[in-house]
1. Add -39500 (n - 2.57) for each DSSP H run of 4 or more in the chain, then divide by its residues: what number comes out at 222 nm, to the nearest 500 deg cm²/dmol?
2. Treat each spin label as a single point 7 Å out from the Cα along the C-beta direction, and report the residue 188 to residue 330 distance in nm.
3. Once phi is turned into ³J(HN,Hα) by the Karplus curve 6.51 cos²θ - 1.76 cosθ + 1.60 with θ = phi - 60°, what whole-Hz value does each residue of segment 314-320 show in order, with x for glycine and proline?
4. Could you tell me the relative contact order of the chain? Use alpha-carbon pairs under 8 Å, at least six residues apart, and round to a whole percent.
5. Seen from all sides and averaged, what is the projected area of the convex hull of the Cα atoms in the chain, in nm²?
6. Report, in cubic angstrom per residue, the convex hull volume of the C-alpha atoms of segment 235-314.
7. So what is the orientation-averaged projected area of segment 79-227, using the convex hull of its C-alpha atoms, in nm²?
8. Using a ≥ b ≥ c from the Cα gyration tensor of segment 282-346 (square roots of the eigenvalues), is it rounded, prolate or oblate, where a/c under 1.5 gives rounded and otherwise the larger of a/b and b/c decides, a/b for prolate?
Amino acid sequence: MLTPDYLEHCADEAIKINAELENFIIKDIARRIVKAGTMTETARHQIKAIQESGYLYDDVISEIANITKISKKAVKKIFEDAAVESMSFDDEIYELAGVKPTFFRESPAMMQILKAGIQKANNDITNLIMTTAGTSQSKFQEITNMAYRQFTSGAFDYNTAIFNAVEQLSKESVNVMYPSGKLDKIDVAVRRAVLTGVNQTAHKMQDERAKELNCDLVEVTAHTGARVTKKLDHTNHAWWQGKVYSISGNNDKYPSLKEVTGYGKVDGLGGINCRHNKFPFIEGVSKRAYTDKELQELNNKKVKYNNQEYGEYDALKIQRQKEREIREIKRQLSGYQGIMLGTEDENL
């Protein structure tokens, strides 16, 4: 089993590593905005901007290569640590029931699941991060033109126009692009890929173990701030969390895991950004972690912030917003560092 708190923070190291790329790009764009010469006439400005965007592309590709090497090692460790955490917990339950499971590293099937999970997550992250080389070029052109327009219109002096451009760059950042064309922030994309990948890989390994030991019942974890919708279906995670289910769906006493929780669907148990995991439930041995009354209290828990009460789900959204604001400030600092570099290095 992987606890909700474990899943909440499992992607932290990967996010930190890839944030370095984001800050590098912003710093480099800010540096090149200063060097682009926005005080010159339109044609000269445009030529200079195009030249600089080409150099920027090369620099970003080079930085991606460095970051990717570090990121792949970090992701591999994250997945391996999660596999140990998950299977160790589950195997203790099986042992209490008198069964001695094979260590997962000795199972070719489980190791294949783990290897496939690591490879998919790394491929997803690499493919997304590679798109920043293209989006950074577009962002450089956009921000440089913004500074140029502000200065030449007479609305702002040169320095103010530069700082306005960097501030805008810090807020918008440089996006990754999904195959669908959807844009997202680097940290959001990395968190989604790692958290979802780790959890889905753990689920698949648990399924393999359950199949091996003929275990049909599992208990789903529960946490405050679980996803809430107006429907009582698989999209409402607070509704089905913390209960016991049948994997096969052929148990008269317990409901079907797949039908109730939407196990396997993008918006159900183990779906995108889901922090719910599961663990074996052995009748006569296991005891539910939460009673129905405790689950109700968990779902109704309130948090007080700025003299207002929020449900845990809404409070978590506020927390994430504050975290994004902190990252924006860090991006802004990187932009200002880029401005200083641009004014100091006369040879660029």
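The values are calculated or read from the model by the stated rules, or taken from the named source; none is laboratory data. Just so it is clear, the structure is predicted and the values come from calculations on it, not from any experiment. For neighbour counting, all protein chains shown are included, and Cβ atoms are generated from backbone atoms with ideal geometry for every residue, glycine included. Areas reflect the complete protein model, heavy atoms only, side chains present, ligands, DNA and RNA absent. Shrake-Rupley method; radii C 1.70, N 1.55, O 1.52, S 1.80 Å.
1. Values: 10 runs with 222 residues, N = 348.
Mean residue ellipticity, 222 nm, calculated: -22500 deg cm²/dmol.
2. 1.7
3. 6, 5, 5, 5, 5, 4, 4
4. Numbers: 495 pairs, mean separation 92.5, N = 348.
So the answer I get is 27 percent.
5. On the way: hull surface 84.6 nm².
In nm², the orientation-averaged hull projection of the chain is 21.1.
6. Details: hull volume 8.5 nm³, N = 80.
Per residue, the Cα convex hull of segment 235-314 comes to 106 Å³.
7. Values: hull surface 51.6 nm².
The Cα convex hull of segment 79-227, projected and averaged over all directions, gives 12.9 nm².
8. Details: a/c = 9.31, a/b = 2.61, b/c = 3.57.
Oblate is the answer for segment 282-346, as a/c is 1.5 or above yet b/c matches or exceeds a/b.
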